[in-house]
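Here the structure is laid out as structure tokens; the discussion comes afterwards.
Read the figures in this text as sums done on the coordinates, not as results from a lab. Note that the structure is a prediction, hence the values are computed from the model and not measured. Backbone-built Cβ (ideal geometry, glycine too); neighbour counts: all protein chains shown.
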Ligand SMILES: NC(=O)c1ccc[n+]([C@@H]2O[C@H](COP(=O)([O-])OP(=O)(O)OC[C@H]3O[C@@H](n4cnc5c(N)ncnc54)[C@H](O)[C@@H]3O)[C@@H](O)[C@H]2O)c1
């Protein structure tokens, strides 16, 4: 691929920073937008400065812009200065629990911030490919309507036809989203609209559990990273509801970034994808605790009967559509590799 000019929002966060490294390694000119708002949402543990400093030291052709995606004038200045070929929009308020306390800020960042970026792209570089990081929370709790069976360590789909998990046909309305899910669903719909109505090359990727060592994991966001952090530090973890048997599929940020590259090569207008680790990378909280115990890390945990509002009981992303549109895309990280890498990164950080 010839060098391209690429904008990545949320560039100091988990997925944004991985995308910066990925496209920088491939020889492109990468611009990152991040105002460290994760620290505003989650306090000091959410501070992403360490990751920005890391990026500055490893990336060769990376420029950081300390800009808020709610700042339309700031975005217009940035877009006038650089004609982007690809926009990867990862900046967000990412926690469904947190949104309850800050509904207006959550909506401004997630919904309006996304429209600001879509519109800036349409005004200044309408030929660019636009990738939106959406979430499986756009389905609200509709996935919980599937019949489930209780196994020893996890909830499991009861019907064989659901084995691969949730596909893109799951409905997104008449369901309990959490305010976060609703603000992200607004962004998701607007992005689809810019694709379908204006014919722009927009891909909407509805993430399951996205993870990796660059997560500034906090209790309210980043389940695996936070759980490992607590297990290694000897702290106490609270499991909320569903007997700890709730299932998530884990995908490594590296595999997310490589998928975006595939979409850049073969974009479509307003296409939606469910993106997660899929069946083979699915794991319940109890199973995660067991895996860590086998590695020598006993997690002290307590149990609260009340589940998180709108929480999924068993969510596995059906990856059939992704594999059919992007046959060259292969996940490089299985579950042991993901967990092993996060553990190693935590140990290095605290050594
Ligand atoms: N991590 C997951 O499990 C997961 C799952 C599904 C979807 N997603 C989505 O993927 C995207 C990236 O998630 P992540 O895990 O990398 O989150 P993250 O919190 O690690 O990264 C988001 C970054 O955006 C920045 N940011 C927030 N508001 C901003 C603003 N107004 N202006 C500029 N920068 C701002 C934050 O400082 C942070 O660095 C989000 O849209 C999230 O909803 C994540």
Highest-MSF residue in the chain out of 45, 126, 94 [GNM, Cα springs under 10 Å]: 45
GNM result for the chain, Cα springs below 10 Å: residue of 113, 241, 276 fluctuating most strongly: 241
0 to 90° range, to nearest 10: angle between helix 285-294 axis and the chain longest Cα axis: 80 degrees
Pair-distance profile P(r), taking every C-alpha pair of region 90-229, with 10 angstrom steps and integer %: 11, 34, 35, 17, 3, 0
Between helix 14-25 and the chain: long-axis angle, C-alpha atoms, 0 to 90°, nearest 10: 50 degrees
Protection proxy ranking of 176-182, 130-136, 194-200, 228-234 - average other beta-carbon atoms within 10 Å, highest first: 130-136, 176-182, 228-234, 194-200
Alpha-carbon gyration tensor eigenvalues x 5, square-rooted, for region 269-314, Å: 28, 18, 7
Reduced Cα scattering model of region 174-227, Debye log10 I(q)/I(0), q = 0.29 Å⁻¹: -1.06
Diffusion coefficient, µm² s⁻¹, Stokes-Einstein with Kirkwood Rh over alpha-carbon pairs of region 209-270 at 25 °C and 0.890 mPa s: 178 µm²/s
Region 230-288 versus region 1-57: alpha-carbon centroid distance in Å: 19 Å
Percent antiparallel among DSSP beta bridges (both partners in the chain, rounded to 5): 15 percent
Folded to 0 to 90 degrees: helix 113-124 orientation relative to the chain principal axis, Cα: 30 degrees
log₁₀ of I(q)/I(0) at q = 0.17 Å⁻¹ - region 149-264, Debye sum with one point per alpha carbon: -1.21
Region 297-314 versus region 68-140: alpha-carbon centroid distance in Å: 31 Å
Relative counts (whole %) of C-alpha pair distances in region 179-327, using bins that are 10 Å wide: 10, 34, 33, 17, 6, 0
Bins of 10 Å, starting at 0 and running to the largest distance - Cα pair percent for region 263-351: 12, 33, 31, 19, 5
Compactness of region 1-109 - radius of gyration and Dmax, Cα, Å: 14.0, 45
Inter-label distance, nm, simple model (7 Å from Cα along the C-beta direction), residue 61/residue 174: 5.1 nm
Projected label distance in nm at residue 54 and residue 308, using a 7 Å step from Cα toward the beta-carbon: 2.1 nm
For the chain, radius of gyration divided by Kirkwood radius, i.e. Rg to Rh on alpha-carbons: 0.94
Rule-of-thumb Rg ratio for region 121-190 [Cα; 2.2 N^0.38 Å; N residues]: 1.47
